[in-house]
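The values are calculated or read from the model by the stated rules, or taken from the named source; none is laboratory data. Quick caveat: nothing in here was measured; it's all calculated off a predicted structure. Please note: Cβ atoms are built from the backbone with ideal geometry, for glycine as well, and neighbour counts cover all protein chains shown. Surface accessibility is based on the protein's heavy atoms, side chains included, excluding ligands, DNA and RNA. Shrake-Rupley method; radii C 1.70, N 1.55, O 1.52, S 1.80 Å.
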Amino acid sequence: MAQGSGDLIRQSRAVSKLSMAITALKNTVVRSNNQRPFASEMSALASAATTDFPATRAAISSISRDVAEHGVPSQVELEDRFETVRKEIRSVSLVPENGNFGSQVLSVALSKVLFEKDGLVEGDDVEAVLSRSGFYLKQHDLDSATRELNQLKGWPKKLAEDWISAARGRLEVEQAINIAEAEEQLAKISLV
């Protein structure tokens, strides 16, 4: 189907505007080593996501304004923070869900002498889950690391909740960017 040159120019400009907005958002969120607000970049992407880009519009509308104003932790920040969370989780890994103070003290003491697993180990115990999560983070696979930590139960899960929430926020923004990039590529192909 032949397109008029005016329509082709309009579509080309729309794709170019979308491309620049995606790049700005990606530079602020994905390529940064620290948490930064990205509300202005998200607004620019929302403005660029005309009716020609419905998937992008839907993806960015799923990101809350509060998240955009505060930003999401960088991959590096989440990896660093994981080590702290890992130590805290190990210290309570032996506490039963309704454990008392004595069981907490015993768990902290025993956690210091327990063998620390490493790599892709089998099992559903706390050490195995932490080991797999750490392995995935070293591979920069935030999604798999988050899925592993989400399997925890009891006190370890409670201690991991903030980290899991922060990781999910980052993953949601990255997914929105990926959707926008895919739609951008499809739009570029349709111009040819």
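Do you know which of the residues in the range 111-125 that are at pLDDT 65 or above and either outside any loop (DSSP other than H, G, I, E, B) or not hydrophobic (A, V, I, L, M, F, W, C) (or both) is least open to solvent (accessible area, probe 1.4 Å)? Spell out the reasoning first.
Pass one, the range 111-125, residues at pLDDT 65 or above: 116, 118-125.
Among the residues that remain, those that are also either outside any loop (DSSP other than H, G, I, E, B) or not hydrophobic (A, V, I, L, M, F, W, C) (or both) are: 116, 118-119, 122-125.
Numbers: Glu116: 88, Asp118: 111, Gly119: 15, Glu122: 171, Gly123: 38, Asp124: 135, Asp125: 61 Å².
In this case the residue turns out to be Gly119.
Based on this model, can you work out whether Thr28 counts as among the β-branched types (Val, Ile, Thr), within 17 Å of Arg170 (Cα to Cα) and without any contact (Cβ under 8 Å) to a residue 60 or more places away in the chain?
Values: among the β-branched types (Val, Ile, Thr): yes; within 17 Å of Arg170 (Cα to Cα): yes; without any contact (Cβ under 8 Å) to a residue 60 or more places away in the chain: yes.
It is true that Thr28 is among the β-branched types (Val, Ile, Thr), within 17 Å of Arg170 (Cα to Cα) and without any contact (Cβ under 8 Å) to a residue 60 or more places away in the chain.
Could you check His140 against (1) at negative phi; (2) open to solvent by 70 Å² or more (accessible area, probe 1.4 Å); (3) modelled with pLDDT under 95 and say which number it fails?
Failing condition for His140: (1).
For Leu45, are the conditions met, namely being over 18 Å from the mean Cα position of the chain (by Cα), under 24 Å from Ala166 (Cα atoms) and in contact (Cβ under 8 Å) with a residue 24 or more places away in the chain? Can you show your working first?
Details: over 18 Å from the mean Cα position of the chain (by Cα): yes; under 24 Å from Ala166 (Cα atoms): yes; in contact (Cβ under 8 Å) with a residue 24 or more places away in the chain: yes.
Yes; evaluated as a whole, the condition is true for this residue.
Taking the criterion of being at pLDDT below 95 and open to solvent by 10 Å² or more (accessible area, probe 1.4 Å), would at least one residue in the range 126-135 satisfy it?
yes
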